Amino acid sequence: MICRICGTDRRVDYRRGPKMVLCTSCTKDTPRKASRITFDKAYWGAGATEVSESIKKEFYSDYKTSTCTVQQYIDQTTDVLV
């Protein structure tokens, strides 16, 4: 198995908390991950129907392999235009 975050093959196992295959080191840095439904509601909100399914899947996959909470991921990947 290979860690989904750093790519190492050492001390890797399925971790129930973040719900994915991670090494011991990345497990310490990775919070429990939200479900796809919860992520979509938080990230896309009312505009979810206007975003293609492939884009939503790509963003969720990227979120899952990050060490961010949902809110941290939103903050890092969005920008308010003024």
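The values are calculated or read from the model by the stated rules, or taken from the named source; none is laboratory data. Quick caveat, the model's predicted, so the values are computed rather than measured. When we count neighbours, we look across all protein chains shown, and the Cβ atoms used for this are built from the backbone with ideal geometry, even at glycine.
Observations on the structure shown:
- Of all residues in segment 2-22, those that are of a type outside the set (S, T, N, Q), surrounded by fewer than 17 Cβ atoms within 10 Å (Cβ to Cβ) and part of a loop (DSSP other than H, G, I, E, B) total 9.
- Note on segment 34-46: among residues that are within 26 Å of Gly17 (Cβ to Cβ) and hydrophobic (A, V, I, L, M, F, W, C), the one that is surrounded by the fewest Cβ atoms within 10 Å (Cβ to Cβ) is Ile37.
- Checklist (1) at pLDDT 95 or above; (2) among the polar types (S, T, N, Q); (3) farther than 19 Å from Asp29 by Cα applied to Thr78, failing item: (1)
- The test for being of a type outside the set (Gly, Ala, Ser) and touching a Gly at 6+ places or on another chain (Cβ under 6 Å) holds for Arg32.
- Within segment 47-62, none of the residues are on the phi > 0 side of the Ramachandran plot, among the charged types (D, E, K, R) and surrounded by fewer than 15 Cβ atoms within 10 Å (Cβ to Cβ).
- Answer residue from segment 1-42, given it is touching a helix residue (DSSP H, G or I) at 6+ places or on another chain (Cβ under 6 Å) and closer than 17 Å to Gln71 by Cα and is modelled with the lowest pLDDT among those: Lys33
- Set Ser25, Ser61, Ser54: member being assigned to a helix (DSSP H, G or I), under 18 Å from Met1 (Cβ atoms) and either outside the structural domain of Cys3 (by TED's automatic domain parsing) or touching a strand residue (DSSP E or B) at 6+ places or on another chain (Cβ under 6 Å) (or both): Ser61
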